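Worksheet for the structure shown next.
The values are calculated or read from the model by the stated rules, or taken from the named source; none is laboratory data. This one's a predicted model, so the numbers in the text were calculated from it and none came from an experiment. Using ideal geometry, Cβ is built from the backbone for each residue, glycine included, and neighbour counts are taken over all protein chains shown.
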Amino acid sequence: MQKIHTDNAPAAIGPYSQAVSTGELIFTSGQIPIDPATGEVVEGDITAQTEQICKNLQAVLEAAWTDLAHVVKTTCFLADMSDFAAFNEVYAKYFTGRPARSCVAVKTLPKNVLAEIECIALLRR
């Protein structure tokens with residue numbers, strides 16, 4: 001198992017890695033809308049926050065020698081299901097391969113953000 005780290009995505013805010021790879025698979029930790037340049041949550045609505053989350057995931061996957069096109073499964077967490085449609089609009093721009101997905105509402109997310117996404121991806125060949 002190899003730990004993945006990049007300065008182009010937020011550092012872990014706990015005792016975990018941004019991602020790990022094993023065999024042909026990359027498992028990312030959940031990404032929240034933190035701007036890696038400032039370490040702060042991006043301001044704005046679900047659209048702005050989802051954009052930052054997807055950019056963070058792109059950066060982590062690139063550090064693991066893969067990309068969003070190779071994602072096979074995502075798990076998405078929303079603070080409020082009324083954001084589902086707006087979240088999907090941004091998500092669809094990034095996850096064009098339409099991976100399998102679970103999306104659930106949760107009571108609270110770290111730093112009180114509106115969304116979080118984690119994914120499983122294949123190594124690029």
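Of Ala100, Ala121, all but one fail to be aliphatic (A, V, I, L, M), more than 21 Å from His5 (Cβ to Cβ) and either at pLDDT 95 or above or within 14 Å of the chain's Cα centre (by Cα) (or both); the exception is Ala100.
Restricting the stretch 36-94 to residues that are polar (S, T, N, Q) and in a helix (DSSP H, G or I) leaves a set whose member that is nearest to Asp7 (Cα to Cα) is Asn56. Within the stretch 72-97, the set of residues being among the β-branched types (Val, Ile, Thr), within 11 Å of the chain's Cα centre (by Cα) and surrounded by 19 or more Cβ atoms within 10 Å (Cβ to Cβ) comprises just one member, Thr74.
Look at the stretch 1-17: where a residue is within 15 Å of Glu62 (Cβ to Cβ) and hydroxyl-bearing (Ser, Thr, Tyr) and a partner is at pLDDT 90 or above and surrounded by 11 or more Cβ atoms within 10 Å (Cβ to Cβ), sitting 6+ places away or on another chain with Cβ atoms under 7 Å, you get Thr6/Gln18; Thr6/Ala59; Thr6/Val60; Thr6/Ala63.
Of all residues in the stretch 1-16, exactly one satisfies the criterion of being within 15 Å of the chain's Cα centre (by Cα) and not in a loop (DSSP other than H, G, I, E, B), namely Ile4. Scanning the stretch 95-111 for residues that are farther than 19 Å from Lys55 by Cα and outside any strand (DSSP E or B) returns Val106, Lys107, Thr108.
Among the residues of the stretch 40-48, is there at least one that is free of Cβ contacts under 8 Å to residues at least 12 places away in the same chain and crowded, with 16+ Cβ neighbours inside 10 Å? Yes, the stretch 40-48 has at least one match.
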